[in-house]
Amino acid sequence: MPKKLTNEDLETLKLWLTEHEVHYKNLNRDASDAVLVVTLLKKIHPKLIDPHNYPSRNNTQLKINNWETLNLKVLSKLGLQQSKTMLEKLAKGTVGAVEALLSDIMLMEKANRARGDKRDDEQEQLWSENDDLMMVTVNKKIGDAIIQVPQKMILYSIYEQVVRKSQAKDVYLSASQQKITHLENVLKLKAERIEELCAQLAKVSVSSLVKQHNLETSSSNSALPTETLNDNDNEI
């Protein structure tokens, strides 16, 4: 059951909505698709919410979808997370449901304004950069006492997506390592082949030099007797 507001509370809420230029004919009906609340929250937390995610709806189930999205992406981060039953009441325009939620938003906004510091702007920036992050309250046992503490959580679908990307990167890295190993082996074989060719070239060069030397020596030896004979002829 949504909390019961007094006539004074309702009058205060009405004045607050007027200050924020929120116009309506029938509050529960006009806010049933969450668009009115989204418009209001956009003025209070402009970095936290994107109105394009919340189109106007006529079907009750589609209205619930809007509320579930708002509950996950925005209300949970503000500490105003609603139950599934409350979301259904909001979508069906149950009297008192949206007034209770708006009252909580009003009290939160006034408290933030009274504090007058920048902590909420910094927190809003953090939320806007981590749209899939949500804050939930869990029970934790400390000694003999059980206290409620906030805990950050992400959607399981986001976790699965991260795991798939990580696995894809592992496969890519493994394939790249295999290619690197193959190229290293190819380079090693080519280096060995180059060394082998250089050794063969060196042998050929030495053999060629030896043959050239032998030819030169042979030519010198064959020319020597002729020169001696000529010398003898001259003496005669």
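Restricting the search to the range 48-57, which residues are of a type outside the set (A, V, I, L, M, F, W, C) and either in contact with a Leu (Cβ under 8 Å, 6 or more places away or on another chain) or in contact (Cβ under 8 Å) with a residue 40 or more places away in the chain (or both)?
Scanning the range 48-57 gives a single hit, 54.
Look through 51, 55, 46 and report the one residue that is in contact with a Lys or Arg (Cβ under 7 Å, 6 or more places away or on another chain) and open to solvent by 30 Å² or more (accessible area, probe 1.4 Å).
Working: 55 fails: in contact with a Lys or Arg (Cβ under 7 Å, 6 or more places away or on another chain); 46 fails: in contact with a Lys or Arg (Cβ under 7 Å, 6 or more places away or on another chain).
Going through 51, 55, 46 in turn, the sole match is 51.
Looking only at the range 84-103, count how many residues are without any contact (Cβ under 8 Å) to a residue 40 or more places away in the chain, touching a helix residue (DSSP H, G or I) at 6+ places or on another chain (Cβ under 7 Å) and open to solvent by 20 Å² or more (accessible area, probe 1.4 Å).
Final tally of qualifying residues: 1.
Hey, could you check the range 58-83 for residues that are small (Gly, Ala, Ser) and in contact (Cβ under 8 Å) with a residue 40 or more places away in the chain and say which is least open to solvent (accessible area, probe 1.4 Å)?
My answer is 76.
If residue 235 meets every condition in (1) open to solvent by 80 Å² or more (accessible area, probe 1.4 Å); (2) modelled with pLDDT of 80 or more apart from one, which number is that one?
Condition not satisfied by residue 235: (2).
For the list (1) closer than 21 Å to residue 112 by Cα; (2) open to solvent by 70 Å² or more (accessible area, probe 1.4 Å), I need the number of the one condition that residue 37 fails.
Condition not satisfied by residue 37: (2).
Between a residue in the range 10-29 that is in contact (Cβ under 8 Å) with a residue 12 or more places away in the chain and any residue that is part of a loop (DSSP other than H, G, I, E, B), which pairs come within a Cβ distance under 6 Å, given they are 6 or more apart or on different chains?
Qualifying pairs under 6 Å: 28/93; 28/95; 29/93.
Rundown of residues vs (1) basic (Lys, Arg); (2) assigned by the TED database to the domain that holds residue 69; (3) modelled with pLDDT under 80; (4) touching an Asp or Glu at 6+ places or on another chain (Cβ under 8 Å), yes/no style:
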position	(1), (2), (3), (4)
139	no, yes, yes, no
148	no, yes, yes, no
161	no, no, yes, no
168	no, no, no, no
175	no, no, no, no
190	yes, no, no, no
204	no, no, no, no
213	no, no, yes, no
223	no, no, yes, no
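The values are calculated or read from the model by the stated rules, or taken from the named source; none is laboratory data. Source: prediction; values computed, not measured. Don't worry about glycine lacking a Cβ; one is built from the backbone with ideal geometry, like all the others, and counts go over all protein chains shown. Ligands, DNA and RNA are stripped out before the accessible areas are found, and what is left, the full protein with its side chains, is counted by its heavy atoms. Shrake-Rupley method; radii C 1.70, N 1.55, O 1.52, S 1.80 Å.
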